Amino acid sequence: MPLASSAQQPLAQGLGRHEGTDAESGIRYVRISMNGALTKPTDPPITTHPAAEPNEQLPTLVGECSVTPQGKAHFDLFLNAGGVADPGFVPPWKPTAAHPVQPPPQKTMLTLEFLGYRKVKPVARQFEKLRSAPGEFRYLSPGIHSANLEEINFYFLYLRALPTLRASNQDFAVDFAVTDWLNQLAKEPLCGNFHF
């Protein structure tokens with residue numbers, strides 16, 4: 001995956017920023033990542049970003065804003081439960097002679113809980129398992145291959161009021177304290193079309 005330009009910089013503890021331009025598609029992007037923590041459904045929500053030890057890959061939540069050369073903006077949400085190397089920007093699928101038809105996404109359901117001063121009913125939503133990075137999940141936007149009815153930014157209002165996101169399935173539960181992450185996304189010029 002060639003990049004025309006790429007720059008990565010750490011932000012506050014547990015937060016990172018990576019921006020670049022995909023050489024093949026010309027898509028400009030910025031990825032804001034945040035460390036999380038493995039948890040149990042009965043644990044209280046986390047309120048800070050854990051710091052990773054050297055060579056440790058903590059659970060990660062990534063918000064990716066991208067803009068095509070034609071000016072079309074897009075937002076993707078990625079998460080993992082740890083032990084996964086960041087796949088970086090994943091360009092849109094393009095047909096090849098060997099694979100003229102796009103394979104359908106490998107789907108899984110994750111339960112999203114919004115934790116804070118009050119209780120809100122959890123929601124189960126479809127995520128795509130990335131083939132290029134086993135253990136990495138991307139929220140499936142509404143469409144032909146998705147049962148989700150809302151874009152992920154629908155839930156930003158919940159996250160502003162209830163600032164810990166807990167994502168879980170039968171194999172794991174992870175918590176992310178999202179306030180600083182949302183604030184950083186709101187500062188990014190490429191994310192200007194979305195309301196954080």
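Each residue in the stretch 145-167 was checked for being surrounded by 14 or more Cβ atoms within 10 Å (Cβ to Cβ), free of Cβ contacts under 8 Å to residues at least 60 places away in the same chain and of a type in the set (A, V, I, L, M), and 2 pass.
Within the span defined as the stretch 132-142, one or more residues are touching a helix residue (DSSP H, G or I) at 6+ places or on another chain (Cβ under 9 Å), outside any loop (DSSP other than H, G, I, E, B) and either of a type outside the set (D, E, K, R) or at positive phi (or both).
Which one is nearest to Glu188 (Cα to Cα), of the residues in the stretch 41-56 that are in contact (Cβ under 8 Å) with a residue 12 or more places away in the chain and open to solvent by less than 90 Å² (accessible area, probe 1.4 Å)? Looking at residues that are in contact (Cβ under 8 Å) with a residue 12 or more places away in the chain and open to solvent by less than 90 Å² (accessible area, probe 1.4 Å), I get His49. Looking across Ala51, Ala7, one residue alone is at pLDDT below 95, assigned to a loop (DSSP other than H, G, I, E, B) and not hydroxyl-bearing (Ser, Thr, Tyr). It is Ala51.
Considering Lys107, Lys94, the condition of being in a loop (DSSP other than H, G, I, E, B) and open to solvent by 80 Å² or more (accessible area, probe 1.4 Å) is satisfied by Lys94 alone.
If you go through the stretch 124-144 and pick out every residue that is over 17 Å from the mean Cα position of the chain (by Cα) and either surrounded by 14 or more Cβ atoms within 10 Å (Cβ to Cβ) or β-branched (Val, Ile, Thr) (or both), you end up with 1. Does Phe89 satisfy the criteria of being crowded, with 20+ Cβ neighbours inside 10 Å, of a type outside the set (Ser, Thr, Tyr) and either free of Cβ contacts under 8 Å to residues at least 40 places away in the same chain or part of a loop (DSSP other than H, G, I, E, B) (or both)? Considered against the rule, which asks whether it is crowded, with 20+ Cβ neighbours inside 10 Å, of a type outside the set (Ser, Thr, Tyr) and either free of Cβ contacts under 8 Å to residues at least 40 places away in the same chain or part of a loop (DSSP other than H, G, I, E, B) (or both), Phe89 comes out as yes. Listed conditions (1) of a type in the set (Asp, Glu); (2) in contact with a strand residue (DSSP E or B) (Cβ under 7 Å, 6 or more places away or on another chain); (3) assigned to a loop (DSSP other than H, G, I, E, B) are all met by Glu64, apart from (3).
The condition (being open to solvent by 40 Å² or more (accessible area, probe 1.4 Å) and within 17 Å of the chain's Cα centre (by Cα)) is satisfied by just one residue among Leu38, Leu61: Leu38.
Residue pairs whose Cβ atoms lie under 7 Å apart, separated by 6 or more positions or on different chains, with the first residue in the stretch 29-40 and under 13 Å from Ala167 (Cα atoms) and the second part of a strand (DSSP E or B) and charged (D, E, K, R), are Gly36/Asp175; Ala37/Asp175; Thr39/Arg166; Thr39/Asp175. From the residues in the stretch 168-196 that are part of a loop (DSSP other than H, G, I, E, B) and polar (S, T, N, Q), which one is least open to solvent (accessible area, probe 1.4 Å)? Among them, the one singled out is Asn169.
The values are calculated or read from the model by the stated rules, or taken from the named source; none is laboratory data. Nothing here was measured: the structure is a model prediction, and the numbers come from that model. Virtual Cβ from ideal backbone geometry, glycine too; neighbours counted across all protein chains shown. Side chains are part of the model used for accessible areas, which takes the heavy atoms of the whole protein and leaves out ligands, DNA and RNA. Shrake-Rupley method; radii C 1.70, N 1.55, O 1.52, S 1.80 Å.
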